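Below you'll find the structure, written out as structure tokens, and then a few comments.
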Amino acid sequence: MKDLIIKYLKLSIECKKSLKKEIKEIHNILNTLAQAQAYQMTILNEYKDMSYKTKFLNEHKKYKEVEKQIKESKEIIDELTNELKIAYKKEVKS
């Protein structure tokens, strides 16, 4: 009877040890899942804050502004070139 009680106690201790190991493994898995979920939420928040469509629209606006400035500067350059040609013709005639 004493031997049976000793075996029972040894088995219960081994069960508790194995349960502790399993609990630690489950805890590690839960931590990993929590980190993955937190990362996913940050990505979703970033997408909500500024979607690709708004980024594209902002870049398109900047492109149009630069294009307009280039057009204006070309017009100014053409006007100055024409004035220089007129001035040169007047000087040559004189």
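Can you confirm whether segment 83-91 contains a residue that is hydroxyl-bearing (Ser, Thr, Tyr) and open to solvent by less than 90 Å² (accessible area, probe 1.4 Å)? No - not one qualifying residue is present in segment 83-91.
Taking Leu11, is it open to solvent by less than 100 Å² (accessible area, probe 1.4 Å) and out of contact with any helix residue (DSSP H, G or I) (no Cβ under 8 Å at 6 or more places or on another chain)? The answer is no for Leu11. Of the listed requirements (1) loosely packed, with under 10 Cβ neighbours inside 10 Å; (2) of a type outside the set (Asp, Glu); (3) modelled with pLDDT of 90 or more, Gln35 misses just one: (1). When each of Ile26, Ile77, Ile6 is tested for being modelled with pLDDT of 90 or more, over 50 Å from the mean Cα position of the chain (by Cα), surrounded by 10 or more Cβ atoms within 10 Å (Cβ to Cβ) and part of a helix (DSSP H, G or I), the lone residue that passes is Ile6. Annotation: of all residues in segment 43-68 being of a type in the set (S, T, N, Q) and surrounded by 10 or more Cβ atoms within 10 Å (Cβ to Cβ), the one that is farthest from the chain's Cα centre (by Cα) is Asn58.
The values are calculated or read from the model by the stated rules, or taken from the named source; none is laboratory data. All values derive from a computational prediction rather than experimental measurement. All Cβ positions, glycine included, derive from the backbone under ideal geometry; neighbour counts span all protein chains shown. Calculation scope for accessible area: heavy atoms of the full protein, side chains included, ligands and nucleic acids excluded. Shrake-Rupley method; radii C 1.70, N 1.55, O 1.52, S 1.80 Å.
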